[in-house]
1. Dipole of the chain (Lys/Arg Cβ +1, Asp/Glu Cβ -1, origin at the Cα centre): which of LEU104, LEU37, THR27 lies farthest to the positive side?
2. Between the alpha-carbon centers of the stretch 77-121 and the stretch 22-42, tell me the distance in whole angstrom.
3. Measuring with a 1.4 Å probe in the full set of protein chains, what accessible area per residue, in whole Å², belongs to the chain?
4. Starting from the alpha-carbon convex hull of the stretch 51-178, give the projected area averaged over all orientations, in nm².
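The values are calculated or read from the model by the stated rules, or taken from the named source; none is laboratory data. The model shown is predicted, which means the values in this text are computed figures rather than measured ones. Cβ coordinates were reconstructed from backbone atoms using ideal geometry, including for glycine residues, and neighbour counts include every protein chain displayed. For the accessible areas, the whole protein counts, side chains as well, though only heavy atoms, and no ligand, DNA or RNA atoms are used. Shrake-Rupley method; radii C 1.70, N 1.55, O 1.52, S 1.80 Å.
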Amino acid sequence: MTKLLSAATLFLLILTTSCQDTRQERTAAIDSMQGVLANVSKRTEEINPQLLEKYIKNVSDKLNEVELLDSLTVDQMDAVREFQSLPGRFENCLKTTSEVKASLNESRQQLLNLRKDVEAGVWHTDSLNQFLETEFLYITDLDESMDEVIAQLNASFDAFEALDSKIERLLKDNTIKE
């Protein structure tokens, strides 16, 4: 969040000093946005789709076994329901990460185009400031999306750890009774 605040502060400072707009200030804003974009890109690469697919398969396999059980207590059913939510949560993280990755190249290209325009001085100040602000907001959304993915993954991994042993015990206890 601090990286976002410092980038936002720099960006707003540049936009509000219209009397002293310079190419260097706009280039600095673009550099700042490219830094945030690089961080977003790094975080998308840290998400391991194969690992998430293994978790999804593990949960699905155990749920298939649970379906064969005759009766469950209310507490057991609550654990099973929460366990059932995990594949969807993992898949949502994969989907969002994929969408963010797809947007990264477009944003990189947009920033390169804006940099060229700044260096060439081809934009009217107000128009250029509007494009810079729009791109800044878009990159901020990408960054926030990855914050949400990481938070959801952490919560999902914690839930898996807490529930997996309960499901294992449930399956083991019901196997012994038969």
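1. THR27
2. Each part reduced to its Cα centre gives a spacing of 19 Å.
3. On a per-residue basis, 60 Å².
4. Values: hull surface 39.1 nm².
Value for the stretch 51-178: 9.8 nm².
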